[in-house]
Number of protein chains: 2
Amino acid sequence: MTVTEAARRAQILAHTIDVVAELGYAGASLNRIAAHAGISKGLISYHFAGKADLLEALVHDVFARGGEYVMERHGHVFGPDGTAGAALRAYLEGNLAFIAEHPRDVGAVVEIARNHRGADGALVFGAAWEETLLDLLAQIFTAGQEAGEFRAFDPRVMAIAVRRVIDGFTFQVMADPDLDTRSFTTEVTALFDHATRHPGAERLETDTTTAQETEPS
Amino acid sequence: MTVTEAARRAQILAHTIDVVAELGYAGASLNRIAAHAGISKGLISYHFAGKADLLEALVHDVFARGGEYVMERHGHVFGPDGTAGAALRAYLEGNLAFIAEHPRDVGAVVEIARNHRGADGALVFGAAWEETLLDLLAQIFTAGQEAGEFRAFDPRVMAIAVRRVIDGFTFQVMADPDLDTRSFTTEVTALFDHATRHPGAERLETDTTTAQETEPS
DNA sequence: TATGGTTTTGACCATGCGGTCAAATTCTTG
DNA sequence: CAAGAATTTGACCGCATGGTCAAAACCATA
């Protein structure tokens with residue numbers, strides 16, 4: 001991989017992100033990407049094996065950066081020492097912060113993940129991909145329940161809810177760049193804090209709770 | 001509108017739902033829809049002004065049926081007499097039940113809403129459409145807060161979370177037709193019950209809306 | 001059965017798509 | 001500078017798309 005090739009690939013990926021974020025998956029043709037980057041269409045084929053290769057490289061690139069971002073910021077909380085509540089909060093804050101900083105990148109990834117299909121017609125980033133994300137969350141929830149920290153609920157359903165709210169945040173911040181991401185993050189962490197903990201249990205920060213209630217089975 | 005025309009339009013809409021649900025927005029070409037319905041492509045153009053007209057008619061049709069379904073089942077809870085908690089529960093149960101009964105219809109609608117763009121490149125069912133849905137939920141939340149029934153939270157963020165979880169359920173039930181929809185619904189209503197109420201407040205114990213429901217097995 | 005409106009077909013069109021490739025250009029290096 | 005490798009272009013291909021239209025088929029009714 002020469003330095004020229006690496007730079008060109010990065011440039012093409014960046015412009016692909018822009019075009020997908022602006023025009024959606026269906027609007028992101030090789031012609032439009034090339035025009036947006038100021039290069040010829042054939043050059044894309046020279047650096048990528050095809051459109052599928054380009055889109056999948058883009059998804060893996062952004063996903064790797066996102067995972068690295070979250071782990072660098074909050075990785076220490078995910079060990080066996082931290083509480084499940086702290087891990088959940090770190091997961092939410094890390095994900096939402098990365099989206100707030102790179103809304104177009106994540107927006108393009110979500111757009112591709114939802115639409116890109118292989119030759120067999122199945123979504124390339126489908127059930128298996130999703131399962132990887134859900135499993136990590138479900139582990140946090142299961143740990144929190146076994147530690148008596150969380151109330152009884154289906155970890156998988158809660159994981160789905162968390163993922164859908166995170167995905168939804170992507171479109172919120174893309175549709176309204178002036179969105180107060182800090183406030184949104186606070187609201188979402190509070191939402192899932194209440195949703196996961198025992199009713200009446202101590203809240204994480206500023207909550208003044210009074211009554212103690214026995215947990216309904 | 002002759003009886004022939006009405007029947008043909010309904011038939012075309014039904015087959016369009018099938019094709020969109022199976023092959024996604026990008027895979028739903030007029031040729032494929034016509035082949036799936038066993039008719040010629042020109043016939044679609046005879047009954048609909050164009051592809052955009054067809055897709056928008058489909059969205060409006062399913063949306064109307066869904067709204068009617070929810071209102072017939074749970075409309076009585078949305079008056080000024082019912083509690084906000086009951087209204088929220090009814091909203092969730094009604095939406096999830098309709099999706100569970102018509103997953104392909106709703107799946108097609110979500111697919112179209114997320115991808116269909118007008119000549120200007122903007123999503124046809126974009127911000128304004130979404131706002132209509134969010135406002136209804138936000139009203140429930142605001143009412144619940146003013147009545148002292150709900151804790152303090154941003155009604156809009158909570159509305160977004162509810163909508164995203166409902167949308168997510170569509171894909172869950174499409175991906176896995178054997179999904180236990182009743183269990184999923186119970187989990188989701190409990191999730192948002194805990195998320196909205198004051199910590200330590202009494203939970204809803206009995207189902208207020210599904211007493212006369214008949215469960216076919 | 002003859003008439004006239006309704007419905008349906010299938011061929012056809014312009015357009016844009018992803019992909020290919022020989023030729024031209026630029027870069028590296030001896 | 002010269003030669004070969006790496007990079008880039010732009011024309012071209014086959015194909016699928018959404019859309020149009022004259023002709024054919026169908027159907028109700030006088």
Specify the residue that is nearest to the other protein chains (Cβ to nearest Cβ); the eligible residues are those in segment A:1-21 that are within 14 Å of DNA strand D (Cβ to nearest atom) and buried (at least 17 other Cβ atoms within 10 Å of the Cβ).
A:15
Quick one: is residue A:24 closer than 29 Å to residue A:189 by Cβ and either crowded, with 18+ Cβ neighbours inside 10 Å or away from every other protein chain (no Cβ under 14 Å) (or both)?
no
Among the residues of segment B:48-61, write down those that are within 7 Å of DNA strand D (Cβ to nearest atom) and in a helix (DSSP H, G or I).
B:51, B:52
Could you say whether any residue in segment B:45-54 is over 30 Å from residue B:147 (Cα atoms), among the hydrophobic types (A, V, I, L, M, F, W, C), at pLDDT 95 or above and within 14 Å of DNA strand C (Cβ to nearest atom)?
yes
For segment B:101-139, the count of residues that are within 19 Å of residue B:91 (Cα to Cα) and out of contact with any strand residue (DSSP E or B) (no Cβ under 9 Å at 6 or more places or on another chain) equals 18
Within segment B:97-184, helices (runs of 4 or more DSSP H) holding 1 or more residues that are open to solvent by 30 Å² or more (accessible area, probe 1.4 Å), within 12 Å of chain A (Cβ to nearest Cβ) and in contact (Cβ under 8 Å) with a residue 40 or more places away in the chain:
B:103-115, B:155-175
Report yes if residue B:38 is within 14 Å of DNA strand C (Cβ to nearest atom), closer than 27 Å to residue A:29 by Cα and outside the structural domain of residue B:101 (by TED's automatic domain parsing), otherwise no.
no
Unmet criterion (only one of (1) out of contact with any helix residue (DSSP H, G or I) (no Cβ under 9 Å at 6 or more places or on another chain); (2) more than 16 Å from DNA strand C (Cβ to nearest atom); (3) in a helix (DSSP H, G or I)) for residue A:75:
(1)
What do you reckon, is residue A:65 part of a helix (DSSP H, G or I), outside the structural domain of residue A:141 (by TED's automatic domain parsing) and surrounded by fewer than 18 Cβ atoms within 10 Å (Cβ to Cβ)?
no
Within segment B:31-43, restricting to residues that are in contact (Cβ under 8 Å) with a residue 12 or more places away in the chain and open to solvent by 40 Å² or more (accessible area, probe 1.4 Å), the one that is nearest to the other protein chains (Cβ to nearest Cβ) is B:32
Is it true that residue B:18 is modelled with pLDDT of 95 or more and in the same structural domain as residue B:136 (by TED's automatic domain parsing)?
no
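The values are calculated or read from the model by the stated rules, or taken from the named source; none is laboratory data. Values in this document were obtained by computation on a predicted structure and should not be read as measured data. A quick note on method: Cβ atoms are made from the backbone with ideal geometry, for glycine too, and the neighbour counts reach across all protein chains shown. We work out accessible area using only protein heavy atoms, side chains counted, and drop any ligands, DNA or RNA first. Shrake-Rupley method; radii C 1.70, N 1.55, O 1.52, S 1.80 Å.
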